[in-house]
1. What single numbered condition from (1) more than 26 Å from Q122 (Cα to Cα); (2) at pLDDT 75 or above; (3) open to solvent by less than 80 Å² (accessible area, probe 1.4 Å) fails to hold for R39?
2. Can you pull out every residue in the range 42-72 that is assigned to a helix (DSSP H, G or I) and open to solvent by less than 40 Å² (accessible area, probe 1.4 Å)?
3. In the range 60-87, how many residues are over 14 Å from I117 (Cβ atoms) and at pLDDT 95 or above?
4. Of the residues Y219, Y212, only one is aromatic (F, W, Y), farther than 26 Å from D97 by Cβ, in a loop (DSSP other than H, G, I, E, B) and modelled with pLDDT under 95; which?
5. Just to verify a result, which residue in the range 84-99, among those that are within 17 Å of P55 (Cα to Cα) and of a type in the set (A, V, I, L, M), is most open to solvent (accessible area, probe 1.4 Å)?
6. Return the pair list, or none, for Cβ contacts closer than 6 Å from residues in the range 62-76 that are without any contact (Cβ under 8 Å) to a residue 60 or more places away in the chain to residues that are open to solvent by 50 Å² or more (accessible area, probe 1.4 Å) and not polar (S, T, N, Q), at least 6 apart or on different chains.
7. Here are F144, F169: which of them is aromatic (F, W, Y) and surrounded by 14 or more Cβ atoms within 10 Å (Cβ to Cβ)?
Amino acid sequence: MKRIFSTLLLFAVLVTTASAQYFPVDTARLNSAYRAIVRGPNTLEKQQDFLAAFPTTYMEFYYTYQYIEGNNYDLAMTRMVNAHLTVLKDSLYLISDSLYCNKLVNLAVGMNDTGEITSHLQEIIHMAMLKHEKTMMFAVMRLFKAYQLQFWSFYWSSVAYSESWTEHFVKLYSRYFEDYPDVVRTMAIAFDYYNGGVCYPDEFPHLQEKRYKQEGYKYKFDDYRYRVRD
């Protein structure tokens, strides 16, 4: 009887946890830090509070700001993502370059470019590279090789081939190849595969199929990852 009770209790906890919305960061702290900066005056302490509260890894970022269709899902953080990213881009000018760049580099490791909220983040990381190139490159060099590849994969990820990114890549390659050939080769692999080499598929095809059936359409989920050949 005791074992049955324990099993039922564990099941109840799992059901409750599964049905509850989960945020990996303290969203109350994050929103409070955001409001403090917006209201002003903007101080170093407020900027440090915001950066500390902001997601540090891609998983924290996704689970904090993800959009999920459902009547019971709170989209408050989804609606705040662009405002938070604007502060991350424009309002943390008193933070040390190394702390700021390390945050961005760690955040990008493992990130996927979905063409939605991550495109704004990708833009911020590119701006940081242009403004703090040596600090950003040093932060990338400190990563394990596999993580370097993941960083550059997100950094160069785009649907259409970008000529401006090509020029940017050539400059980085020429500046760092002699002293850091392994790092630059990893960057080159990611550039070759991801600049103009990604698509934005629906990652939940069963949901699309259900939606289309309700609307009276047929749904075919195949060949979306393959380039159409003439």
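The values are calculated or read from the model by the stated rules, or taken from the named source; none is laboratory data. Computed from a predicted model, the values in this text were never measured in an experiment. Neighbour counts are summed over all protein chains in view; Cβ atoms, including those assigned to glycine, are modelled from backbone coordinates with ideal geometry. Surface areas here come from the heavy atoms of the whole protein model, side chains and all, with no ligands, DNA or RNA. Shrake-Rupley method; radii C 1.70, N 1.55, O 1.52, S 1.80 Å.
1. Going through the list (1) more than 26 Å from Q122 (Cα to Cα); (2) at pLDDT 75 or above; (3) open to solvent by less than 80 Å² (accessible area, probe 1.4 Å), R39 breaks only (3).
2. Q47, F50, L51, A53, F61, T64, Y65
3. Residues in the range 60-87 being over 14 Å from I117 (Cβ atoms) and at pLDDT 95 or above: 1 in total.
4. When all the criteria are applied, what remains is Y219.
5. Among those residues, the one meeting the criterion is L99.
6. Once the first residue is without any contact (Cβ under 8 Å) to a residue 60 or more places away in the chain and sits in the range 62-76, its partners that are open to solvent by 50 Å² or more (accessible area, probe 1.4 Å) and not polar (S, T, N, Q) give T64/F23.
7. The conditions single out F169.
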